[in-house]
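Inspection log for the structure reproduced underneath, given as C-alpha cells.
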Amino acid sequence: MLNAVGRDIPEEILEKVHKVPFMGNGHYDGYEIKKTGPKTRCVISNGKNKLVSSIREALELSGIKDGMRISFHHHFREGDHIVNMVMKEIHEMGIRDITLCASSLGKAHDPVYDYILDGTVTGIEASGVRGKIGEAISRGYLKNIAILRSHGGRVRAIESGESKINIAFIGAPTSDDYGNLSGMGGKNECGVLSYSSVDADYADKVIAITDTLVPFPNYPCQISMTKVDYVVKVDEIGDASKIATGAAKPTTDMKKLMLARYCTDFVTKTPYYRIGFSYQTGVGGASIASTLYLADRMRGDGVKMAFGLGGLTKPMCDLLDEGLCGALFDTQDFDTFAIQNMHHPRHYMITAGEYASPFNKGAFVNKLDFVILAALEVDTDFNCNVVVGSDGMLMGAQGGHPDTAEGAKCSIVLVPLVQGRMPTIRDRVTAVTTPGESVDVVITEYGIAVNPRRQDLIDAVRDSGLPLTTIEEMKEKAYSITGEPKDIEFEDRVVAVIEARDGTIMDVVRQIKE
C-alpha cells in the first residue's frame, strides 16, 4: 500500500503496527468505514450527524434488545423526566428483561413499577430506590435480585466490568448537535453531571437527551462529544424546581436544630477543627442547619475551611462566597442557589469516581476531616441503615454515606432518638448499609455518643461540658419512650443485596411478609 508520499508500505507491517487491518469500505460495530484519500487509510465516520429525531430512533440506532443493561443519572432528583420517557419507548417497542443501572431512582420514577410487573424491567442496580419501585422490590415483584451500591461502589462496578452498561442515557440541560454536554444553561439547569461521567466513559453507546440545543461548541462542557453517540432534542428533560424536594430543605424542627447545635459544639472541640479543615454535610434538615451554626462559629474563631465536598446546598455555597471556604468540589446540586453558584471560579465539578471510588489512586473522601450524615436507624454497634424503613420497605439510598464515613477522619451521624414512634437507636438495624467501624459519633437530642474505638475523640471532648452518653444509654432511652420494637416479618427470599464499597456483600434485604 502506498503512503501519503508514495512510499510502498507492506500490508503486514501496517497490520502489525496498527493492530487492525484495513477493512476497506463497509461497516464495523455500527460505524461507517471509508477510505478517504492518500493522507489516511480509513476513517470511522463516528457521528458527524449525531442529532436524531426521537428517543425511539436513538434506541434503534443503538441496537436496543432484550436483556440489556441501561443507565441513568439522578441530578434532577424528583424532577427527572428522562427515565420515564426512555422506558415508555422501550416498553412500546416490546423490549424485555432490561436492567436499570441508575445512580438513584426515586418517586419520580413510579411508572417503572408497571414495567417491573410486566417483565420489561427485571433487574435494578442503584444507590437507592424510593416510592413504588422500592415497594415492588420489597414485595418480591422484581424478577432478579436488586443490587444497592454507594456512589463510589457504583463507579467501581462499572469500571471493573461487573456492571457492563450497554446504553447510557444522559439528561443534559444543554447540548450542541455533536454531544458536548453541560449541566448549566437552558430551561432546566441541574448544575453538574458528575454521576454520568463514568457511564459516558464505559457504556457501549451514549445517548444524550436535552431540551436546549445550543450552537457548537457547547464549551466549557462537562461531558465531551468524544463520548456521545447520539443527541435527542425533547420538549422537557425535567423540572428543575423539584430538585430541592424531600430531604433537601432547611428545617425549622426544634429537635433537629438541637442536633445541629450539638454537632457544631462537638466539631469545634475536636483536633480536626483548625484553619484549613475540610467538611461535607448531608442534605437532611439537621445537617443543613449544622452548616449554618458552624459558619457562625468559624466567624467568631477566625477559622476558615480549605474545601467543602459532595452534594451542595446554599449554606455551603454561602461559605464560599463569604470567603470562609477556599473551594467547593461538587458532585450534585440540591437547590437552585447551589446550581447558580457553579459560576463561582472556585466551585468545581468532580466526577463520582474522583469523589469516592475505592479502587482509584485517590478519592476526595479520603481527604475529609468531617462528614455530617443522617440515618434511618443506628444500632449499638454503630452500624447504620439508610435504605430500609421501619416497615421493611426499601425507601432510601446509600449515596455517599459509606464512602464518606470510611474516608473522613471524623464521621458524625445526626438522628432523632425516635422517628414516627419508632426507636432510631436500637439493638440491631434492619439492614446494614454503613458498618459501625466507619461511624465515629452519633448525636441525638438526648446526647452525644462516641464510638469506643475512637478513644482519641473521647479524650478530646471529655471535659468539654457536652452532653456525652453511650450508645447503649441512647437505646434504653429510646425503648423507654416507644417500647422495644417488634422484629419485622420477612420471607426467606432475598430481594436485594447491599454491597460494600469494594463489592463484597454487606447485607441482604428480604421480601416482606404480607
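The values are calculated or read from the model by the stated rules, or taken from the named source; none is laboratory data. Being a predicted model, the structure only gives us computed values, none of them experimental. Here Cβ is always computed from backbone atoms with ideal geometry, including for glycine, and neighbour counts include all displayed protein chains.
Among all residues of the range 420-434, there is at least one that is assigned by TED's automatic domain parsing to the domain that holds F370, touching a His at 6+ places or on another chain (Cβ under 7 Å) and either under 22 Å from T404 (Cβ atoms) or polar (S, T, N, Q) (or both).
Residues checked against (1) crowded, with 18+ Cβ neighbours inside 10 Å; (2) modelled with pLDDT of 95 or more; (3) out of contact with any helix residue (DSSP H, G or I) (no Cβ under 7 Å at 6 or more places or on another chain):
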position: E476; (1), (2), (3): no, yes, yes
position: S480; (1), (2), (3): no, yes, yes
position: P485; (1), (2), (3): no, no, yes
position: I488; (1), (2), (3): no, no, yes
position: R510; (1), (2), (3): yes, yes, yes
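Of the residues making up the range 133-150, those that are under 21 Å from the mean Cα position of the chain (by Cα) and part of a loop (DSSP other than H, G, I, E, B) are I145, R149, S150.
Let's see how each residue does on (1) over 21 Å from V415 (Cα atoms); (2) in a helix (DSSP H, G or I):
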{"position": "P452", "(1), (2)": "no, no"}
{"position": "L457", "(1), (2)": "no, yes"}
{"position": "A460", "(1), (2)": "yes, yes"}
{"position": "S464", "(1), (2)": "yes, no"}
{"position": "I481", "(1), (2)": "no, yes"}
{"position": "E491", "(1), (2)": "yes, no"}
{"position": "V495", "(1), (2)": "yes, no"}
{"position": "G503", "(1), (2)": "yes, no"}
{"position": "R510", "(1), (2)": "yes, no"}
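For the residues T264, T226, the requirement of being modelled with pLDDT of 95 or more, in the same structural domain as P173 (by TED's automatic domain parsing) and either within 21 Å of the chain's Cα centre (by Cα) or assigned to a helix (DSSP H, G or I) (or both) singles out T226.
Scanning the range 160-188 for residues that are in contact with a Gly (Cβ under 7 Å, 6 or more places away or on another chain) and either of a type in the set (D, E, K, R) or not assigned by TED's automatic domain parsing to the domain that holds V206 (or both) gives a single hit, E162. Of the residues making up the range 113-133, those that are of a type outside the set (D, E, K, R) and either surrounded by fewer than 24 Cβ atoms within 10 Å (Cβ to Cβ) or at pLDDT below 95 (or both) are Y113, Y115, I116, L117, G119, T120, T122, G123, G128, G131.
Residue count for the range 410-448 satisfying the condition of being in a strand (DSSP E or B) and either closer than 13 Å to V267 by Cα or of a type in the set (F, W, Y) (or both): 9. Considering the range 300-388, the qualifying strands (runs of 3 or more DSSP E), each wholly inside and each with 2 or more residues that are surrounded by fewer than 24 Cβ atoms within 10 Å (Cβ to Cβ), run over 305-312, 347-349.
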